[in-house]
Amino acid sequence: MIPDPQEPADADLIRHAARGDKAAYEVLVKRHYQKIFSLAMNMVQNEADALDLAQETFVKAWRNLGKFRGQSSFTTWLHRITVNLGIDLFRKRKHRIEIGLDRVLPARENEADRARITDPGPHPSAGLQRRELRETINQALARLSPEHRAVIVLREFEEMDYNQIAETVGCSTGTVMSRLFYARRHLQKLLRDKYER
C-alpha cells in the first residue's frame, strides 16, 4: 500500500506529540488503534478487558513518548507495551484467561471463509465436535504461562515472525524459539492427555 502523501508519517506525528501536541497523538491513536485492539482481544478474549488493555497501552505510550527512540517501529513499540500489560494482567489475576478461537479465527478470514468455519455442514454432530475441540484448545491455551501464551498469540494469531516477536516481547530470537517450542509441546501434551483418556 502506497502511503498517502497528504498523511503525515508516524515519525513526524511522534515528534510533534512528544512536544505535547495532543492532536498529533490522536492521529497516531486512530491510525494504530485497530491493530492494538485486535492484539489485546487475541490475548484476553474479552471485549471489556481488550478495550481497557488498548486504552492503557495508548495512555502508557503517551506518558513515555519521550523515551521512544525509534530503534523499532512505532507499531512494534505499541505491541510490546500491549503484550507486557497483558502479561501483567494475567499475573495479577492469578488465573488464566481463555482464548476463544471462535472469535480469533473469523476476524482474520473473509466472509466465504467465515461461512466455512461456522457452517456445521450436513452432519449436525460436526458443529458439536468443532465446538468441543475449540473448547479443549481454549482450556489448553489457558493453562500456558503468560510468557508462553504471548508468543503463541503473536506467532499463530498475529502471524509475526521470530524476529518481530523477539522485538515485541523484548527477548532474543532464541528465547522466542525456545518458548514456542515448550508452549507447543505443552499444548500437545495437554491435548494428547485429553484425547487418550
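Of Leu53, Leu85, which residue is in contact (Cβ under 8 Å) with a residue 24 or more places away in the chain and touching a Phe, Trp or Tyr at 6+ places or on another chain (Cβ under 9 Å)? Walk me through it before giving the result.
Working: Leu85 fails: touching a Phe, Trp or Tyr at 6+ places or on another chain (Cβ under 9 Å).
On inspection, the qualifying residue turns out to be Leu53.
Of all residues in the stretch 177-191, how many are without any contact (Cβ under 8 Å) to a residue 12 or more places away in the chain and either open to solvent by less than 60 Å² (accessible area, probe 1.4 Å) or of a type in the set (Gly, Ala, Ser) (or both)? Working first, answer last.
Looking only at the stretch 177-191, we keep the residues that are without any contact (Cβ under 8 Å) to a residue 12 or more places away in the chain, and these are 178, 181, 185, 188-189.
If we keep only those that are either open to solvent by less than 60 Å² (accessible area, probe 1.4 Å) or of a type in the set (Gly, Ala, Ser) (or both) as well, we get 178.
Residues meeting the conditions: 1.
Could you tell me how many of the residues in the stretch 130-152 are open to solvent by 70 Å² or more (accessible area, probe 1.4 Å) and either modelled with pLDDT of 80 or more or within 24 Å of Trp77 (Cβ to Cβ) (or both)?
Adding up the residues that qualify gives 1.
Is it the case, given these coordinates, that Arg155 is among the basic types (Lys, Arg) and at pLDDT below 85? First the steps, then the outcome.
Details: among the basic types (Lys, Arg): yes; at pLDDT below 85: no.
In short, no.
Those residues that are modelled with pLDDT under 85 and either part of a loop (DSSP other than H, G, I, E, B) or not hydrophobic (A, V, I, L, M, F, W, C) (or both), I need them from the stretch 177-197; list them, please.
Arg192, Asp193, Lys194, Tyr195, Glu196, Arg197
Out of the stretch 61-79, which residues are assigned to a helix (DSSP H, G or I), surrounded by fewer than 17 Cβ atoms within 10 Å (Cβ to Cβ) and touching a Ser or Thr at 6+ places or on another chain (Cβ under 9 Å)?
Thr76
What are the residues in the stretch 159-176 that are open to solvent by 30 Å² or more (accessible area, probe 1.4 Å) and either in a helix (DSSP H, G or I) or touching an Asp or Glu at 6+ places or on another chain (Cβ under 6 Å) (or both), if any?
Quick first cut of the stretch 159-176, residues open to solvent by 30 Å² or more (accessible area, probe 1.4 Å) only: 159, 161-164, 167, 170-175.
The answer is Tyr162, Asn163, Gln164, Glu167, Thr173, Gly174, Thr175.
Looking at Ala54, Ala18, Ala11, Ala23, which is the one that is of a type in the set (A, V, I, L, M) and closer than 30 Å to Ala142 by Cβ? Please lay out each step first, then the result.
On the way: Ala18 fails: closer than 30 Å to Ala142 by Cβ; Ala11 fails: closer than 30 Å to Ala142 by Cβ; Ala23 fails: closer than 30 Å to Ala142 by Cβ.
When all the criteria are applied, what remains is Ala54.
The values are calculated or read from the model by the stated rules, or taken from the named source; none is laboratory data. Just so it is clear, the model here is predicted, and its values are computed rather than measured. With ideal geometry, Cβ positions are generated from the backbone for all residues, glycine too; neighbour counts draw on all protein chains shown. Just so you know, the surface numbers come from the protein's heavy atoms only, side chains and all, with ligands and any DNA or RNA stripped out. Shrake-Rupley method; radii C 1.70, N 1.55, O 1.52, S 1.80 Å.
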